[in-house]
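Written out below as structure tokens is the structure these notes cover.
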Amino acid sequence: MSIDVEDYFHVAALAQVIRPDQWGDLPSRVERNTEQLLALFERHNVRATFFVLGWVAERYPGLVRKLAQGGHEIASHGYSHQLIYNQTPEVFREETQRAKALLEDQVQRPVRGYRAASYSITRQSLWALDILAELGFTWDSSIFPIHHDRYGIPGSPTAPYTLETPAGHQLQEFPLTTAKLFGVTIPAAGGGYFRQFPYPLFRFLFHRASDHGRKPQMFYLHPWEIDPGQPRYNNASWFSRFRHYTNLDKCESRLERLLTDFRFGTVSDSYTDYQRQQPEASPDQRVRLA
Ligand SMILES: [Zn+2]
């Protein structure tokens with residue numbers, strides 16, 4: 001179970017109508033929405049991994065500490081929520097290091113996991129994996145093995161794997177969940193797909209992706225996805241509004257159903273379980289993406 005802790009105005013789908021220099025003046029809803037998720041997880045006795053955006057951590061240090069005190073795993077969602085393939089390696093390195101240090105200072109323990117804004121580690125930005133390893137990250141969950149207009153590395157592995165970065169470092173990679181249906185690869189990891197598909201279809205695909213319980217799935221959601229009261233941007237494109245606003249009012253109750261239909265844990269705990277179940281898998285097997 002993973003949550004990308006960011007506000008409704010950070011989202012790439014609304015980037016055409018909200019500039020980063022306006023973020024500080026907009027009414028923030030991330031703290032209360034994240035606390036609502038926290039309460040939900042407590043009721044279901046679920047520990048999750050929270051990928052916290054540096055911009056949010058800087059403004060809400062108490063929130064990050066509260067998540068850590070609740071037994072949840074803290075990981076990084078970078079600092080500025082810009083698409084990595086539009087950044088220079090220098091800017092990416094500087095702000096990712098800053099975001100990591102910020103979280104480590106708040107929770108007083110090393111932060112080892114990373115997820116890119118909008119899954120923007122693609123074939124154009126594989127260099128970012130070297131920088132992540134050099135900054136001390138040991139695992140990543142930024143690669144979606146699908147075709148999409150903004151992200152994805154089609155054909156990359158669909159179960160957790162050891163990735164060899166272009167410069168020869170190692171990272172453990174946790175791909176976002178996909179399922180095959182009639183030979184077509186369908187994203188079944190959460191977010192907009194979770195809100196737009198009818199729940200029984202999502203549940204079917206999510207279950208199918210586990211290959212009869214043999215591999216762990218990666219689910220993700222954002223705090224704003226359970227907030228139908230957030231400000232609406234009617235000047236965004238029709239497609240962006242569809243992606244962002246569909247079924248916000250149904251999302252929390254669907255999440256409750258999902259939490260009772262499947263067993264969830266943090267990324268690190270789920271991986272430990274997976275390794276225990278897969279003793280025959282060779283730890284030396286590495287995947288090089290190109
Ligand atoms: Zn994000």
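What is the stretch 123-227 by shape, rounded, prolate or oblate, if you read a ≥ b ≥ c off the alpha carbon gyration tensor as root eigenvalues and call it rounded for a/c under 1.5, prolate for a/b larger than b/c, and oblate otherwise? Since a/c reaches 1.5 and a/b is larger than b/c, the shape of the stretch 123-227 is classed as prolate.
What is the distance in Å between the Cα centroid of the stretch 71-109 and that of the stretch 151-193? One Cα centre to the other: 21 Å. When restricted to Cα atoms, the stretch 150-208 yields an Rg and a Dmax of 13.7, 43 Å, respectively. The aspartates and glutamates within cross-link reach of K66, meaning a Cα-to-Cα straight distance under 17 Å and a gap of 8 or more places when in the same chain, are D4, E6, E31, E35, E42, E58, E104, D105. Classify the stretch 43-142 from the C-alpha gyration tensor, please: rounded if a/c falls under 1.5, else prolate or oblate depending on whether a/b exceeds b/c. Prolate shape, in that a/c is at least 1.5 and a/b is the bigger ratio. The reciprocal of the average 1/r between distinct C-alpha atoms defines the Kirkwood hydrodynamic radius, which for the stretch 104-171 equals 12.7 Å. Summing Lys, Arg as +1 and Asp, Glu as -1, what charge do residues with Cβ under 12 Å from the Cβ of L135 carry, L135 excluded? Here the count lands on -2.
Picking from H72, H147, H81, which is most flexible by a Gaussian network model of the chain using Cα springs under 10 Å? Checking each option, the largest mean-square fluctuation is seen for H147. Here the accessible area is traced with a 1.4 Å probe on the protein chains. For the chain, carbon and sulfur cover 49 percent of it. Take every Cα-Cα pair in the stretch 1-65 and report what % of them are more than 20 Å apart. Counting every Cα pair in the stretch 1-65, those more than 20 Å apart make up 31 percent.
Straight-distance candidates among the lysines for linking to K215, with alpha-carbon spacing under 22 Å and chain neighbours fewer than 8 residues away dropped: K180.
Overall shape of the chain was characterised from the C-alpha gyration tensor. The equivalent ellipsoid obtained from it has semi-axes of 26, 23, 20 Å, in decreasing order.
Within the listed set T49, T34, T162, the residue fluctuating most in the Gaussian network model of the chain (springs between alpha-carbon atoms under 10 angstrom) is T162. Here the chain carries DSSP beta bridges of which approximately 30% are antiparallel, counting only pairs with both residues inside. Computed over the Cα atoms of the stretch 36-75, pair by distinct pair, the Kirkwood hydrodynamic radius stands at 10.4 angstrom.
Result for the chain in a Gaussian network model with C-alpha springs under 10 Å: among N247, N33, N45, the largest mean-square fluctuation is at N45.
Direction-averaged projected area, Cα convex hull, the stretch 216-290: 8.4 nm², rounded to one decimal. With R₀ fixed at 22 Å, the C-beta to C-beta distance from E58 to E134 puts the FRET efficiency at about 0.45. Only Cα pairs under 8 Å and 6+ residues apart enter the sum, and on that basis the relative contact order of the chain stands at 20 percent. Per-residue ellipticity at 222 nm, computed for the chain from helices alone with -39500 (n - 2.57) per DSSP H run of at least four residues, works out to -11000 deg cm²/dmol. With protein chains left intact and a 1.4 Å probe, residues in the chain average 44 Å² of accessible area per residue.
The values are calculated or read from the model by the stated rules, or taken from the named source; none is laboratory data. If you're wondering where the values come from, they're calculated on a predicted model, not measured in any experiment. Positions of Cβ are generated from backbone atoms using ideal geometry, with glycine treated the same way; all protein chains shown enter the neighbour counts. All accessible areas refer to the heavy atoms of the entire protein, side chains included, with ligands and DNA or RNA removed. Shrake-Rupley method; radii C 1.70, N 1.55, O 1.52, S 1.80 Å.
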